[in-house]
1. Taking residue B:26 and the conditions (1) among the acidic types (Asp, Glu); (2) over 29 Å from residue A:4 (Cβ atoms); (3) within 14 Å of another protein chain (Cβ to nearest Cβ), which numbered condition does it fall short on, given that it satisfies the others?
2. Would you check which residues across the stretch A:38-62 are away from every other protein chain (no Cβ under 14 Å) and surrounded by 15 or more Cβ atoms within 10 Å (Cβ to Cβ) and list them?
3. Looking only at residues in the stretch B:94-112 that are out of contact with any helix residue (DSSP H, G or I) (no Cβ under 7 Å at 6 or more places or on another chain), open to solvent by less than 50 Å² (accessible area, probe 1.4 Å) and modelled with pLDDT of 95 or more, which one is farthest from the other protein chains (Cβ to nearest Cβ)?
4. Go over the candidates A:10, A:90 one by one and state the one that is loosely packed, with under 12 Cβ neighbours inside 10 Å, touching a residue at least 12 places away in the same chain (Cβ under 8 Å) and within 14 Å of chain B (Cβ to nearest Cβ).
5. Mind listing whichever residues of the stretch B:14-35 are open to solvent by less than 50 Å² (accessible area, probe 1.4 Å) and closer than 13 Å to residue B:77 by Cα?
Amino acid sequence: SQQGEEDPQALSIQEGENATMNCSYKTSINNLQWYRQNSGRGLVHLILIRSNEREKHSGRLRVTLDTSKKSSSLLITASRAADTASYFCATSRNSGYALNFGKGTSLLVTP
Amino acid sequence: SQTIHQWPATLVQPVGSPLSLECTVEGTSNPNLYWYRQAAGRGLQLLFYSVGIGQISSEVPQNLSASRPQDRQFILSSKKLLLSDSGFYLCAWSVQGGSGANVLTFGAGSRLTVL
């Protein structure tokens, strides 16, 4: 399985600080995605980075991808209490339809 | 715009009872459809996916089955529930053949407790 593994499992910061989450995976990928899940809800897609890209930005989100190390990071800048959620990375093989998700990082942002 | 509906949102079922969770997508045609399960404190486990009516692929052998009787309808079933079937079930869809990037849109989830 090429399931991603997020690190840390839990992260607690104060509003205004930056939050960094990491994801490692095992096999070659076509792309890597990050999703967010508020407690008891479905997941929401945040950002996708393709295997030939190294960095991507979307608003306060910055994602990096290092295919040589099989790892990715998600940076949320100037965090807000509303960013409190679980964040998952998901990888996609070069063929096929399945997305494999990690166990997620639980982020708590306190006012 | 596309929307995904999933129901029921919550259910409590006794061991050995049947299960039926339903998911429908609006505003798109011929989507890829998925059922995931999320156990407490764990990641998502892909259970089934479908690329067309009557076409079901099972990722994990288990007590569950899936069916796609219509293009935008995906049903998760069980004839006899086990305690281990408890969890949060998520339906999702993606665009068929979309430029190799399989971005999923999820429903709100169905929380199943088997007692």
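1. (3)
2. Of everything in the stretch A:38-62, those that are away from every other protein chain (no Cβ under 14 Å) and surrounded by 15 or more Cβ atoms within 10 Å (Cβ to Cβ) turn out to be A:61, A:62.
3. Filtering the stretch B:94-112 for residues that are out of contact with any helix residue (DSSP H, G or I) (no Cβ under 7 Å at 6 or more places or on another chain), open to solvent by less than 50 Å² (accessible area, probe 1.4 Å) and modelled with pLDDT of 95 or more, the one farthest from the other protein chains (Cβ to nearest Cβ) comes out as B:110.
4. Numbers: A:90 fails: loosely packed, with under 12 Cβ neighbours inside 10 Å.
Being loosely packed, with under 12 Cβ neighbours inside 10 Å, touching a residue at least 12 places away in the same chain (Cβ under 8 Å) and within 14 Å of chain B (Cβ to nearest Cβ) holds for just one of A:10, A:90, which is A:10.
5. Scanning the stretch B:14-35 gives B:16, B:17, B:19, B:21, B:22, B:23, B:35.
The values are calculated or read from the model by the stated rules, or taken from the named source; none is laboratory data. Quick caveat, the model's predicted, so the values are computed rather than measured. Note that we place each Cβ from the backbone using ideal geometry, even for glycine, and neighbour counts take in every protein chain shown. Quick note on the areas: whole protein, heavy atoms, side chains included, nothing else; ligands and nucleic acids left out. Shrake-Rupley method; radii C 1.70, N 1.55, O 1.52, S 1.80 Å.
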